[in-house]
Amino acid sequence: MDLKKILKQNYRYLNMHLPDPYVIRGQFVESDTRSCITAGILNLPSGRIVVGDPLAYLYHKDFCPSFIKTVKSGEYPVELAYTESSVAGIRISAARIKFNSKPAVKYEPALADFPNLPKDSDGFFDGFPVYGGMMAFISAEGAEKYVSFVRKWREENKNKKLYDDYFVPIFMKNAGELAYDEDWDGDFADWTIPDTDLNMVLAVSGFGNGFYRSFWGRDRDGEICELTVPLINSDIIDNAESEHLKIWDGAEYCIVTNRIAADGCKVGYMYRDIPSDTFNDSGWRFYEGTENGAYMGNFNNISIMSIYKVAEKNPEIIPFLHMDIDTALYRNENGEFEKDINLLNSW
């Protein structure tokens, strides 16, 4: 399954009216592909919460819901669920503020008090658009201070960018201190607005830009136990990963001629060489089958390509991908692959 199919399925997931508590709970359960971290402790002086895109909308006070419901003032943990796979990398799949330790057994839309914002088909506004690739939880008081901070920072840093020049170093420092995964830059932070005791917990929003909805979770006693923003259904990622591994579970890349990579020709000959140590090489080399010595002698005719991309257009190669080094196969007149025992074609 490619990323476009995953995004399409996830779009349907994000447009659900009410989330399934079992599915949401599953995002935060530790497994081989899923983890949960406490990203920060959010200070809510009055119990009023704002959620939105901190890079594109929050400092303009646009499209950032300030929820009608409030919670008891205090400090509450913000938890991030993330999923890791070869098809999508490391992605934050859900974010929530926990008000008690009990699990949610039902959800309801977290409605905003902005009457002029667009509503969904049921007349609700319970979400927020993302254009800067990030979401944030912040108190209503903090949101006001954040607006002032951004205005002042921009005035003092006219040739700089808020994300690149201010927040990226914070994310990198955060990742270095926490070191949850050596391949992950962190992509979240518990940031205190300068000269205040108010903070914002911000994180990369799932697959990035889009529209995300917010839900109050209630426990078995009917009390609000969390405010949750679903971002990615990790079940979709796990299923895609399973399909991925059915194709190939080794090094991702191979060498192909541009007859395949650029011209879209089918694989006619495949050979497994000793993998290169200069890239994540499977050792497989794929040819259309009519390339001659002059063609192969021009390095501009050679490309490095994901073996999954080759297999997507040439599913006939999949049964042979686990064969040993020095294996060669050609497509016979019936369109089927068979071993080239004598390595008749050698490049």
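The values are calculated or read from the model by the stated rules, or taken from the named source; none is laboratory data. Everything quoted here is computed from the prediction, not taken from an experiment. Backbone-built Cβ (ideal geometry, glycine too); neighbour counts: all protein chains shown.
Mind checking which residues of region 260-306 are in contact with a helix residue (DSSP H, G or I) (Cβ under 8 Å, 6 or more places away or on another chain), β-branched (Val, Ile, Thr) and under 27 Å from residue 86 (Cα atoms)?
Selection gives 260, 267, 302.
Just to be sure, is residue 119 more than 22 Å from the chain's Cα centre (by Cα) and modelled with pLDDT of 90 or more?
Here the answer is no, as residue 119 does not meet what is asked.
Return yes when residue 55 is within 19 Å of residue 132 (Cα to Cα) and in a loop (DSSP other than H, G, I, E, B) and no when it is not.
Considered against the rule, which asks whether it is within 19 Å of residue 132 (Cα to Cα) and in a loop (DSSP other than H, G, I, E, B), residue 55 comes out as yes.
Hey, could you check region 292-330 for residues that are of a type in the set (Val, Ile, Thr) and assigned to a loop (DSSP other than H, G, I, E, B) and say which is nearest to residue 278 (Cα to Cα)?
The selected residue is 325.
Please go through region 221-260 and give me each residue that is surrounded by 24 or more Cβ atoms within 10 Å (Cβ to Cβ) and in a loop (DSSP other than H, G, I, E, B), ordered by number.
231, 232, 233
Is it the case that residue 278 is in a loop (DSSP other than H, G, I, E, B), out of contact with any strand residue (DSSP E or B) (no Cβ under 6 Å at 6 or more places or on another chain), more than 18 Å from residue 253 (Cβ to Cβ) and at pLDDT 90 or above?
no
If you check every pair at least six apart or on different chains, which have Cβ atoms under 6 Å apart with a residue in region 203-230 that is closer than 15 Å to residue 103 by Cα first and a residue that is in a strand (DSSP E or B) and among the acidic types (Asp, Glu) second?
216/108; 217/226
Scan region 41-56 and tell me whether some residue there is surrounded by fewer than 19 Cβ atoms within 10 Å (Cβ to Cβ), of a type outside the set (Gly, Ala, Ser) and more than 26 Å from residue 151 (Cβ to Cβ).
The answer is yes, given that some residue of region 41-56 is surrounded by fewer than 19 Cβ atoms within 10 Å (Cβ to Cβ), of a type outside the set (Gly, Ala, Ser) and more than 26 Å from residue 151 (Cβ to Cβ).
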